[in-house]
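The values are calculated or read from the model by the stated rules, or taken from the named source; none is laboratory data. Everything numeric in this text was worked out from a predicted model, so none of it was measured. Cβ coordinates were reconstructed from backbone atoms using ideal geometry, including for glycine residues, and neighbour counts include every protein chain displayed. Accessible surface areas use protein heavy atoms only, side chains included; no ligands, DNA or RNA. Shrake-Rupley method; radii C 1.70, N 1.55, O 1.52, S 1.80 Å.
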2 protein chains.
Amino acid sequence: MSTIRVPDVVHSPTQDCEKLKKAFEGWGTDEKAIIWVLGHRNASQRRKIRETYQQLYNESLIDRLHSELSGDFRKAVIWWTYDPPERDARLANGALKAKMKDIKCLQVIVEIACASSPHHLVGVRQAYCSLYDCSLEEDITSAVSRPLRKILVGLVGSYRYDKELVDIDVADAEASRLREAIQAKQLDHEDVVYLLSTRNVHQLRATFEYYKQRYGNDIDQDIEKCGSGELESLMRVIIRCLYSPEKHFAEVIRSSLVGLGTDEDSLSRAIVARAEIDMMKVRGEYFNMNKTNLDDAVKGDTSGDYKDFLMTLLGARI
Amino acid sequence: MSTIRVPDVVHSPTQDCEKLKKAFEGWGTDEKAIIWVLGHRNASQRRKIRETYQQLYNESLIDRLHSELSGDFRKAVIWWTYDPPERDARLANGALKAKMKDIKCLQVIVEIACASSPHHLVGVRQAYCSLYDCSLEEDITSAVSRPLRKILVGLVGSYRYDKELVDIDVADAEASRLREAIQAKQLDHEDVVYLLSTRNVHQLRATFEYYKQRYGNDIDQDIEKCGSGELESLMRVIIRCLYSPEKHFAEVIRSSLVGLGTDEDSLSRAIVARAEIDMMKVRGEYFNMNKTNLDDAVKGDTSGDYKDFLMTLLGARI
């Protein structure tokens, strides 16, 4: 389900580092070589490259990339080169430190808490503590106001059971509980927060299916009817990330491309975060939604090395 | 700060397993040999012994201990032999499945969430999912009623920053916030739950110190004045586990020994859980509290192999 192409026979980390070093040196930077190496390595290979680079040249690969590259290309390559939990801790911190903390910004935290494995989420929290000398929850509590903070702290604290196990009686009962909360416009009710932050994703998907069967609408349509405030918007992102992360990321990519100009940060985040997880499915969902090809859309809205890098992560042979 | 005595030169896991196997076989079980081996090995050595025993004899060491031993001795040895996160997951499950879920029972969960490292807490949650096919929080939510569940779910979800870093302005402000909550008898207020479940323990200790300096009493004395219900009792255990785990466990041991009969489960839990962490300090606190020696008190209230095992964990040369 990953789109990146890792060759059957991969060069040693030392060979990769030598190629990168060569790309940095001399007259101008050889961006193609950087894409060629890093764009075709998985997370554990990239970790080894980072470590080996540090040992060989006594400098941080990330710092070197930062000084050699620029713009959206630099940001995307650096996000890709970080260990995924560290990348997400940095993204979460960026969201919490942003001046405009709208839902588009806070959704990064929802993605980490609801569209990742429990193991990854814990890794992000660990990385957050190491990087920022406080817990992720402390920063959420001080940066976000009620009722959103209650929900985000709950979600971030989750450690969900990660196998497919569904209790249909629970799904039935909790679909009713969600209905009550929606009708009473109490989306931040304690029961709703518990349910969304403690149940395993398969259980929650069954609950949402029950909801649809019994009440006729998708739950997020009914939440939309509750209002158009921040709480409703956040709740819809949460449901989407839990129900179908691939639909969520297809939508993130779509929104980043529509309209005048491209939202490169969102585009890069979605592709970098999912290229090794479920990008094939995201591509399928994108096509279902838009009846156009995701790869063509990305190609049409980007250019140069940035385009080449994203297309490499999408599996194109550049 | 550990009290167990691990020899400078430790036998190989295979030699330890052979000694254990020999202790199980023949006429009657050689309890002394079991104590001799397991009582002098740290957690990672015990893990290797468990793994090696399984490989060598194709049977589970825990199962064999279960069939060879009995009573309080068996329970204590088995708790000691489990991986610490698995042991605590089992203890938490036992507490949640108990018919009488009083504070003495639920305090096991508080100990795991407030008197352990963030890493251990995550390990317990992971083990809980593996053992019981659901998250620890799901079981807390279904087994415990409001307002205790709100607090326990919050605490269990924590991943605290684990270094010593204190912001005195935060300590000052949060001491006031706690005072307000105590005066309004709103111990389960969202702000209180956040504070207790997101701040690092050093920060919280500074907050409790500020509280005492400013308002004259220890915070747990003021909580006691709020009432004698479950919420107040739970809150006092939480404060104690965060403020001074060693005092808490000294108190657990004291309560397990006072009165008619001994509460062996609590006694074993405290000694097994802390023997490798801070039992030296617990011993000191016990002496400060009771002006008697912890080791003498344990010796006086226990007997036979059970006594020998606990004394071994306390560092005695049996």
**OP:** Report the Stokes-Einstein translational diffusion coefficient (µm² s⁻¹, integer) for the protein assembly as shown, Rh taken as the Kirkwood radius over Cα pairs, at 10 °C with viscosity 1.306 mPa s.
**Re:** 58 µm²/s
Original post:
Under unit Cβ charges (Lys, Arg +1; Asp, Glu -1), what dipole magnitude, rounded to 20 debye, does segment A:98-145 have relative to its Cα centre?
Top reply: 160 debye
Original post:
Magnitude of the Cβ-charge dipole of segment B:246-314, K/R +1 and D/E -1, about the Cα centre, nearest 20 debye?
Top reply: 240 debye
Original post:
Of B:Thr141, B:Gly261, B:Ile4, which is farthest on the positive side of the dipole of the protein assembly as shown, counting Cα position, with +1 on Lys and Arg Cβ, -1 on Asp and Glu Cβ, and the Cα centre as origin?
Top reply: B:Ile4
**OP:** Give me a single rounded figure for A:14-23: the average over its residues of other chain Cβ atoms within 10 Å of their Cβ.
**Re:** 0
Original post:
Dividing the convex hull volume of the alpha carbon atoms of segment B:13-69 by its residue count, what do you get in Å³ per residue?
Top reply: 69 Å³
Original post:
How would A:Arg87, A:Arg199, B:Arg236 rank on accessible area, largest to smallest, probe 1.4 Å?
Top reply: B:Arg236, A:Arg199, A:Arg87
Subject >> Heavy-atom accessible area, 1.4 Å probe, ligands and nucleic acids excluded: residues of segment A:141-183 down by at least 10 Å² from chain alone >> reply: A:Thr141, A:Arg146, A:Arg149, A:Lys150, A:Val153, A:Gly157, A:Tyr159, A:Tyr161, A:Leu165
Original post:
Which value in deg cm²/dmol, rounded to the nearest 500, describes the helix-derived mean residue ellipticity at 222 nm for chain A, given -39,500 (n - 2.57) per DSSP H run of n ≥ 4 and division by the residue count?
Top reply: -22000 deg cm²/dmol
Original post:
How about the protein assembly as shown: what cysteines have no other cysteine beta carbon under 4.7 Å from their own?
Top reply: A:Cys17, A:Cys105, A:Cys129, A:Cys134, A:Cys226, B:Cys17, B:Cys105, B:Cys129, B:Cys134, B:Cys226
**OP:** Select the chain A residue whose beta carbon lies nearest to the rotation axis carrying chain A onto chain B, and write the distance in whole Å.
**Re:** A:Gly157, 1
Original post:
Put a point 7 Å out from Cα along the line to Cβ at A:Met1; what are the distances to that point in the other copies, in nm, shortest first?
Top reply: 4.3
Original post:
For segment B:246-314, what's the relative contact order in percent, using C-alpha pairs closer than 8 Å and at least 6 residues apart?
Top reply: 34 percent
Subject >> Selection from B:Val237, B:Val252, B:Asn290 lying farthest towards where the dipole of segment B:178-314 points positive, charges on Cβ >> reply: B:Asn290
Original post:
What number in nm² do you get for segment A:246-314 if you take the convex hull of its Cα atoms and divide its surface by four?
Top reply: 3.9 nm²
Subject >> Accessible-area value, B:Phe287, 1.4 Å probe, nucleic acids and ligands omitted, Å² >> reply: 100 Å²
**OP:** Send over a whole-number figure in Å² for the accessible area per residue of chain A, probe 1.4 Å.
**Re:** 43 Å²
Original post:
Relative contact order, percent, of chain B when contacts are C-alpha pairs under 8 Å separated by at least 6 residues?
Top reply: 21 percent
Subject >> 10 Å Cβ neighbours from other chains, averaged over peptide B:131-140 >> reply: 5
Subject >> Other copies of A:Gly261: label-to-label distances in nm, shortest first, labels 7 Å along the beta-carbon direction >> reply: 7.4
Original post:
Charges only on Cβ, +1 for Lys and Arg, -1 for Asp and Glu: so what's the dipole of segment B:1-149 about the Cα centre, in debye to the nearest 20?
Top reply: 300 debye
**OP:** Step through the residues of segment A:244-251 one at a time and calculate ³J(HN,Hα) from phi using the Karplus curve (6.51 cos²θ - 1.76 cosθ + 1.60, θ = phi - 60°), rounding each to whole Hz and writing x for Gly and Pro.
**Re:** 8, x, 5, 5, 4, 6, 4, 5
Original post:
What is the mean number of Cβ atoms from other protein chains located within 10 Å of the Cβ atom of each residue in peptide B:189-195, rounded to a whole number?
Top reply: 3
Original post:
What part of the accessible area of segment B:1-93, given as a whole %, is carbon or sulfur when the probe is 1.4 angstrom?
Top reply: 47 percent
Subject >> Teacher prompt: A:Ala33 distances to equivalent labels in other copies, 7 Å Cα→Cβ, nm >> reply: 6.5
**OP:** Kindly report, to the nearest 10 Å², the accessible surface of A:Met1 as traced by a 1.4 Å probe over protein heavy atoms only.
**Re:** 130 Å²
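Nearest 100 Å², what total accessible surface is buried between chain B and chain A (probe 1.4 Å)?
That pair of chains buries around 2500 Å² in total.
Of all accessible surface on segment A:158-220 at a 1.4 Å probe, what whole percent is carbon and sulfur?
Here it works out to 43 percent.
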Original post:
Using a 1.4 angstrom probe with every protein chain in place, what is the largest-first accessible-area order of B:His248, A:His120, B:His11?
Top reply: B:His11, A:His120, B:His248
